[in-house]
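The values are calculated or read from the model by the stated rules, or taken from the named source; none is laboratory data. What you see is a predicted model, and the numbers here were worked out from it, not measured in a lab. Every residue, glycine among them, receives a Cβ derived from its backbone with ideal geometry; neighbour counts consider all protein chains shown.
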Amino acid sequence: MDGYDAVVYDLDGTLVRLDVDWDAVTREAATVYREAGVDPPIGDLWTLLDAAEEHGVGEEIAALVCEREREGARRSDRLFLADELRDRAAAGVPVGVCSLNCEDAVRIALAEHELAESVRQGAIVGRDTVATRKPDPEPLLSTCRALSVDPGRTLFVGDSPRDERTADRAGTGFAYVSDLDSDRDGTSP
């Protein structure tokens with residue numbers, strides 16, 4: 001992680017693990033569609049969220065998912081990179097969070113795990129903070145702007161191919177949590 005001016009972290013699966021049953025939320029979202037007289041699109045929760053607005057259930061689906069994320073943030077488990085975030089911030093490295101979760105859930109999780117003070121003011125971007133969401137580069141670029149750093153000098157740490165695509169599109173460096181975890185355990189070559 002050295003060689004960068006700033007570090008931006010994903011939230012769920014990176015800093016914390018939200019206590020959310022995503023399959024149950026997907027079923028609940030499909031029920032919202034059905035109750036509105038609309039056949040839900042086939043796919044995962046993000047497919048249902050993407051199509052919700054055009055089917056007239058955008059606000060309901062967004063509110064449902066956000067509520068489940070907020071609940072899950074309150075019961076989330078802290079992961080090892082949370083300490084890394086705090087250490088980097090204490091050393092003067094600008095740190096931010098760019099998440100596919102709603103901004104409110106991100107803030108709750110950071111507060112629950114005493115990380116909020118370590119993240120630069122304005123450098124928390126959730127799926128509802130800007131008009132697009134990952135893997136579109138804008139959420140990550142918005143986080144970099146809030147940190148006043150060049151994306152090319154920023155490392156984005158995440159846990160998914162979506163995070164990796166986001167970093168590639170934004171022009172930042174990227175590291176998988178799993179690679180950093182193996183480095184920490186001394187199991188990497």
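Within segment 81-97, the set of residues being out of contact with any Leu (no Cβ under 8 Å at 6 or more places or on another chain), surrounded by 14 or more Cβ atoms within 10 Å (Cβ to Cβ) and outside any helix (DSSP H, G or I) comprises 93 only.
Conditions (1) among the aromatic types (Phe, Trp, Tyr); (2) modelled with pLDDT of 95 or more; (3) out of contact with any strand residue (DSSP E or B) (no Cβ under 8 Å at 6 or more places or on another chain), marked per residue:
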residue: 6; (1), (2), (3): no, yes, no
residue: 10; (1), (2), (3): no, yes, no
residue: 30; (1), (2), (3): no, yes, yes
residue: 34; (1), (2), (3): no, yes, yes
residue: 46; (1), (2), (3): yes, no, yes
residue: 56; (1), (2), (3): no, yes, yes
residue: 95; (1), (2), (3): no, yes, no
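Using the structure shown, decide if residue 16 is within 17 Å of residue 129 (Cβ to Cβ), crowded, with 23+ Cβ neighbours inside 10 Å and at pLDDT 95 or above. Answer is no for this residue.
If you filter segment 1-13 down to residues that are among the hydrophobic types (A, V, I, L, M, F, W, C) and more than 16 Å from residue 102 (Cβ to Cβ), you find that the one that is surrounded by the most Cβ atoms within 10 Å (Cβ to Cβ) is 8.
Note on segment 52-69: among residues that are within 13 Å of residue 22 (Cα to Cα) and touching a residue at least 24 places away in the same chain (Cβ under 8 Å), the one that is surrounded by the fewest Cβ atoms within 10 Å (Cβ to Cβ) is 66.
For residue 100, the criteria (1) modelled with pLDDT of 95 or more; (2) part of a loop (DSSP other than H, G, I, E, B); (3) not assigned by TED's automatic domain parsing to the domain that holds residue 161 hold in every case but one, which is (3). Each residue in segment 36-51 was checked for being assigned to a helix (DSSP H, G or I), of a type in the set (Gly, Ala, Ser) and within 21 Å of residue 21 (Cβ to Cβ), and 0 of them qualify.
Residues that are more than 22 Å from residue 166 (Cβ to Cβ) and of a type in the set (Val, Ile, Thr) occur in segment 102-123; there is at least one. Within segment 152-168, restricting attention to residues that are part of a helix (DSSP H, G or I) and out of contact with any Lys or Arg (no Cβ under 9 Å at 6 or more places or on another chain), the residue that is surrounded by the most Cβ atoms within 10 Å (Cβ to Cβ) is 167.
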